[in-house]
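Each remark here refers to the structure printed beneath this line.
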Amino acid sequence: QVQLVESGGGLVQAGGSLRLSCAASGRTFSTYTVGWFRQAPGKEREFVGGIRWSDSSPYYSDSVKGRFIISRDNTKTTVNLRMNSLKPEDTAVYYCAASPRPGALYYLREYDYWGQGTQVTVSS
């Protein structure tokens, strides 16, 4: 069982930066894929990025590639999402999720554990 706790959301002006953190309790992320998703009002939850335990390489959606950076700390208990050059369309509730499936990455159904979500609001 993995419990996920997100932190770091808030209000920022367009062009600014925020860092979200996803902390695991109960175990480390060493054998989990960790994904970040977001859900804007009236829209479906969508993939933002993720990092697989198998190759430790981050993957990003086209909408955030080049602006967002995913990193994992050496203890493998925290995964961070650094968001730069934020745009109003990045406004959403952001969720981290974890999956023990080696091939998991892009799809909500692949993830077994979810954080509570943290609000990110980007003003224009």
Open item on the list: Could you report the accessible area of Tyr106 in Å², rounded to 10, computed with a 1.4 Å probe on the protein chains as they sit in the structure?
Closed with: 100 Å²
Open item on the list: Please report the accessible area of Glu110 (heavy atoms, 1.4 Å probe, ligands and nucleic acids excluded) in Å², nearest 10.
Closed with: 40 Å²
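At 1.4 Å probe size, with every protein chain present, just tell me what the per residue accessible area of region 1-60 comes to in Å².
The answer is 50 Å² per residue.
Any idea what the relative contact order of the chain is, in percent, if you count C-alpha pairs under 8 Å spaced at least 6 apart? Show your work: numbers first, answer last.
Values: 320 pairs, mean separation 43.9, N = 124.
That works out to 35 percent.
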Open item on the list: With viscosity set to 1.567 mPa s at 4 °C, what whole-number translational diffusion coefficient in µm²/s follows for the chain from Stokes-Einstein and a Kirkwood radius over Cα pairs?
Closed with: 91 µm²/s
Task: Under the Karplus curve 6.51 cos²θ - 1.76 cosθ + 1.60, θ = phi - 60°, whole-Hz ³J(HN,Hα) for region 75-89, x wherever Gly or Pro sits - done: 7, 6, 10, 9, 10, 10, 10, 8, 10, 10, 6, 5, 10, x, 6
Task: Residues whose placed amide H lies under 5 Å from that of Gly16, excluding near-sequence neighbours - done: Leu86
TODO: Sum up the charges of everything whose Cβ sits under 11 Å from the Cβ of Ile51, counting Lys and Arg as +1 and Asp and Glu as -1, but leave Ile51 out.
DONE: +2
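In terms of solvent-accessible area of protein heavy atoms at a 1.4 angstrom probe, what is the ranking of Trp36, Trp53, highest value first? Kindly include the intermediate steps, with their values, before the conclusion.
Working: Trp36 0, Trp53 85 Å².
Most to least solvent-accessible, the answer reads Trp53, Trp36.
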TODO: First compute the accessible area of region 24-124 with a 1.4 Å probe, then give the percent of it belonging to carbon and sulfur atoms.
DONE: 48 percent
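The values are calculated or read from the model by the stated rules, or taken from the named source; none is laboratory data. What you see is a predicted model; the values in this text were computed from it and never measured. Reconstructed Cβ throughout: ideal geometry from the backbone, glycine too, with neighbour counts over all protein chains shown. Quick note on the areas: whole protein, heavy atoms, side chains included, nothing else; ligands and nucleic acids left out. Shrake-Rupley method; radii C 1.70, N 1.55, O 1.52, S 1.80 Å.
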